[in-house]
């Protein structure tokens with residue numbers, strides 16, 4: 001079992017600093033991969049995610065309130081497990097804007113008193129993390145060897161499940177995607193749903209087949225983690241060998257997901273056959289597709305399964321780094337209402353940490369348009385992550401209509417010329433004078449020109465905002481009070497963000 005943030009806070013060396021959690025109380029179960037000590041302001045690009053960062057705040061001295069908010073935002077977007085800030089030396093108290101931003105993004109921030117030696121804390125906890133990792137690896141290798149031997153001797157699903165029971169010494173249940181128990185070993189508790197248990201999805205060719213459930217009571221958490229990591233792959237191999245009809249159906253479903261996300265044409269009669277095989281109706285919709293970044297949301301498949309069970313019929317699968325769902329609504333649902341319902345439900349199940357990690361495609365009423373819904377969901381997620389447009393964990397393709405149109409259809413050279421024509425003076429002014437007029441313009445446009453709302457979002461006094469608006473007016477040939485001009489500027493800003501994201505991506509690949 002991975003170390004959690006709660007375990008770090010309970011460690012004696014950390015407890016000596018009298019830690020106080022000021023945000024992210026619901027994230028104490030977050031996995032911790034490593035402990036880092038660093039006071040650099042620009043530390044985020046050097047991190048990989050799931051770290052706890054210890055700092056005394058020296059890198060935050062001399063920067064303004066917005067820069068400190070940006071520091072927290074970058075760490076949240078990187079997916080760190082938590083930020084621990086020592087107070088009493090650099091800062092008497094944690095700057096309130098940092099606590100506010102962290103709470104908004106769901107990032108755990110812990111305040112520590114100046115009684116810790118950060119290096120000792122990092123060495124002690126990192127040693128524990130390494131020890132757990134080595135123990136888990138030993139368990140995993142033994143599990144793979146034992147279950148693979150069973151499979152090589154012609155073991156059935158029931159034999160594989162018996163083998164898992166022998167390793168875990170607890171009850172084991174294997175269910176297909178319809179919740180039917182296919183095999184079990186050990187005495188299943190009468191109230192199985194209420195008993196301590198751990199689960200793992202079983203995929204065959206990228207399509208969810210079912211679920212492995214193992215009783216968690218009196219089982220080593222490290223052994224349980226290793227078992228759930230390795231056993232599903234052996235079960236999948238047993239299915240491929242012993243259940244050819246099942247695996248053939250699953251391969252057709254995977255092909256359907258792959259063709260949808262690639263936007264490939266499927267002949268109508270072939271599409272009908274594959275949709276029927278996937279359990280999806282081919283009568284009038286609505287339908288919608290959903291994608292989740294699997295690297296950012298560990299339980300993405302579980303979330304999509306629940307979404308399908310709650311709102312209709314569907315197909316859940318994985319494609320490269322995405323968990324994907326094709327969902328047909330229950331009868332009586334409208335297309336607009338369906339997409340809105342999925343967006344709301346999905347948003348409620350994924351914590352926002354500074355960037356979008358999921359997207360809902362446009363609702364469609366014809367099954368022939370499902371590929372469009374999937375490709376647009378994928379594109380919306382791509383744009384949201386590259387340009388960092390979203391203020392929520394889940395984005396809707398319909399909210400990025402302009403960006404999707406520009407991304408797909410516009411020539412980058414032509415876009416750059418248009419941006420230079422409309423925003424060139426402003427961009428050059430910000431670069432030359434190190435001002436922040438462009439971010440001000442972006443927020444003002446997002447607020448529909450409302451100065452009161454913009455001042456609140458920018459954390460500025462109204463007088464300071466008016467000064468910036470006067471500067472913007474002198475650099476732009478557009479009237480910020482004119483709705484048509486604001487629309488034109490919004491399109492130009494979207495084009496600028498897409499160009500910058502594309503150039504950044506090109507630079508990383510080069």
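Read the figures in this text as sums done on the coordinates, not as results from a lab. Bear in mind the structure is a predicted one, so any value in this text is a computation, not a measurement. Backbone-built Cβ (ideal geometry, glycine too); neighbour counts: all protein chains shown.
For the residues 422, 405, what sequence is obtained by ranking on other C-beta atoms within 10 Å, fewest first? Walk me through the numbers before you get to the answer.
On the way: 422 20, 405 12.
Least crowded to most crowded, the residues run 405, 422.
According to the Kirkwood expression over distinct Cα-Cα pairs, how big is the hydrodynamic radius of the stretch 250-407, in Å? Provide the component values of the computation, followed by the final result.
Working: mean 1/r = 0.0658 Å⁻¹.
Computed over Cα pairs of the stretch 250-407, the Kirkwood hydrodynamic radius comes out at 15.2 Å.
Which value, to two decimals, describes the C-alpha radius of gyration of the stretch 214-343 once divided by 2.2 N^0.38 Å? The partial results should precede the final answer.
Values: Rg = 16.9 Å, N = 130, 2.2 N^0.38 = 14.0 Å.
Against the compact-globule rule of thumb, the ratio is 1.21.
If I model the stretch 136-242 as equal point scatterers sitting on the Cα atoms and use the Debye formula, what is log10 I(q)/I(0) at q = 0.10, 0.16 Å⁻¹?
-0.24, -0.63
For the stretch 360-510, count all C-alpha to C-alpha pairs, find those more than 18 Å apart, and express that count as a whole percent of the total. Provide the component values of the computation, followed by the final result.
Values: 7140 of 11325 pairs.
Summing the P(r) tail past 18 Å for the stretch 360-510 gives 63 percent.
Give or take rounding to whole Å, what are the principal axis extents of the alpha carbon atoms in the stretch 1-145, in descending order?
Taking the Cα atoms of the stretch 1-145, the three principal extents are 57, 29, 26 Å.
Working from Cα positions, state the angle (0 to 90°, nearest 10) between the long axis of helix 157-168 and the longest principal axis of the chain.
Approximately 70 degrees, to the nearest 10.
If each residue of separation counts as 0.36 nm, what is the full-extension length gain between residue 58 and residue 133 once their alpha-carbon separation is subtracted? Walk me through the numbers on the way to the answer.
Numbers: separation 75, 0.36 × 75 = 27.00 nm, distance 3.27 nm.
Length difference between fully extended and current span is 23.7 nm.
At 222 nm, what helix-only mean residue ellipticity would the chain give, in deg cm²/dmol to the nearest 500, using -39500 (n - 2.57) for each DSSP H run of four or more?
On the way: 18 runs with 267 residues, N = 510.
Using -39500 (n - 2.57) per qualifying helix, the result is -17000 deg cm²/dmol.
Any idea how far apart residue 16 and residue 218 come out in nm if each label point goes 7 Å out from Cα toward Cβ?
It is 3.8 nm.
Specify the angular offset, from 0 to 90 degrees and rounded to the nearest 10, of the alpha carbon long axis of helix 96-105 from the longest principal axis of the alpha carbons in the chain.
40
If I model a spin label as a point 7 Å beyond the Cα along the Cα-Cβ vector, how far apart are those points for residue 25 and residue 428 in nm?
If labels sit at residue 25 and residue 428, their model points lie 5.3 nm apart.
Taking only C-alpha pairs under 8 Å that are 6+ residues apart, what is the relative contact order of the chain in percent?
Working: 836 pairs, mean separation 48.2, N = 510.
It rounds to 9 percent for the chain.
Just for the chain, what percent of DSSP beta bridges are antiparallel, to the closest 5?
Working: 42 of 57 bridges.
For the chain, the DSSP antiparallel bridge percentage is about 75.
Can you tell me the 0 to 90 degree angle between the C-alpha axis of helix 244-262 and the longest principal axis of the chain, rounded to 10?
10
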